[in-house]
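This report refers to the structure that appears directly beneath it.
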Amino acid sequence: MSARPRQSWLLFALLASGAAANALASDDAKAWLARMNEALTTRNYDGVFFHVHGGRVETMRIIHRVREGSVTERLVSLDGSGREFVRTGTELVCYLPDKRTVLVERRPEETTLLGNLPRFDESTEGYYELKAVERARLMGRDTRVIAVLPKDAFRYGYRLWIDEATTMPLKTQLCDARGNVIEQIQFANLSLPRDIADVEFRPQVDTEGFRWLRQDARQARVTPGGTTIVWRALRLPPGFRLTLRSAQSMPGSEGPVEHLVFSDGIASVSVFVEAAGGGGSPMAGPARVGSSSAFSTTVSGHQVTAVGEVPPETVRFIASSVEADDADAGGAGTPRPGLSLGAPPRR
């Protein structure tokens, strides 16, 4: 065999082995994410963590229990607002002492109060990629560090430190396209008790004199003239789809607020639509809500606000695409022919 064919063969073998190693790393990372999400939804845990966002640090406690297939959670702010959130099954009760309000709404049963952590499957792999798994020490434990990287500029990425022994996430970071940390959650302590008493899920907020608001599961709004109105998005960023539609009461709003949620399987954007108030100018333009981007505009005499842990361009695009239509105009969130949106280049 000549030297040139041998060099070519060696180069091919090295490239092939590298591709195989990357595939194995990706599969391993996917398996760790699956184990993490299973632990979050099926285990009992009680922990205190630091929530860092917008230059602020808030200490939180989360308690999660699974008993006979039923999930109960409680999230408490130990400083700052003093807010509490208690979820039983699909019902979430939000105690907001700074607004003297209790808000009751519905949440998907598979979610947790710890926040949106990435799940990687066929529906998301077209928009995110997994970086090779690394190992690191954190809180005296061995962890696997996984990076979930967006493939375009419409979404953020994640870094996760997953405990090898318990498969629980000890630290998570939400990152922009340059790798800058937007939001971070890190546990100070975490235990996995065999059982958790009912008393741990009783809120400590005194709700005397509070206003109670309950989500209304109506599917559309009927105007005084009898026309049924459906709010929808003309077009959406690649991978995003409508996952929730409801009408609910919100603190500070006189009437019901339409609530639409669009998700790509990892990131989600909430869109709130309410009749514009007669007193004062409606909100307009971009804003920040904690670690989330927000954008408000006015459509057909209604205030439309999109909020989500996504880049500012994503909420601006979705809010600007929302329109009012009658119920016979087609499904909400279904792009019209010729208005599909291609993915922009990564920044």
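The values are calculated or read from the model by the stated rules, or taken from the named source; none is laboratory data. As the structure is a computational prediction, the values presented were derived from the model and not from experiment. For neighbour counting, all protein chains shown are included, and Cβ atoms are generated from backbone atoms with ideal geometry for every residue, glycine included.
Points worth noting:
- In this structure, VAL269 qualifies as under 30 Å from ASP121 (Cβ atoms) and either modelled with pLDDT of 70 or more or of a type in the set (A, V, I, L, M) (or both).
- Check on ARG67, at pLDDT 90 or above and within 21 Å of the chain's Cα centre (by Cα): no
- Condition check for CYS94 on (1) without any contact (Cβ under 8 Å) to a residue 12 or more places away in the chain; (2) within 19 Å of LEU192 (Cα to Cα): one failure, at (2).
- Filter result for THR90 (of a type in the set (S, T, N, Q) and surrounded by 16 or more Cβ atoms within 10 Å (Cβ to Cβ)): no
- When we screen ILE182, ILE146, ILE162, ILE196 for residues that are within 16 Å of THR314 (Cβ to Cβ) and assigned by TED's automatic domain parsing to the domain that holds GLU58, the only hit is ILE182.
- Residue list for the range 54-75, restricted to those being within 20 Å of GLY290 (Cβ to Cβ) and in a loop (DSSP other than H, G, I, E, B): GLY54, GLY55
- Contacts under 9 angstrom Cβ, first residue in the range 34-57 being without any contact (Cβ under 8 Å) to a residue 60 or more places away in the chain, partner not β-branched (Val, Ile, Thr) and not in a loop (DSSP other than H, G, I, E, B), 6 or more apart: VAL57/PHE50; VAL57/HIS51
- Residues located in the range 196-225, provided they are under 28 Å from the mean Cα position of the chain (by Cα), modelled with pLDDT under 70 and part of a strand (DSSP E or B): ASP216, ARG221
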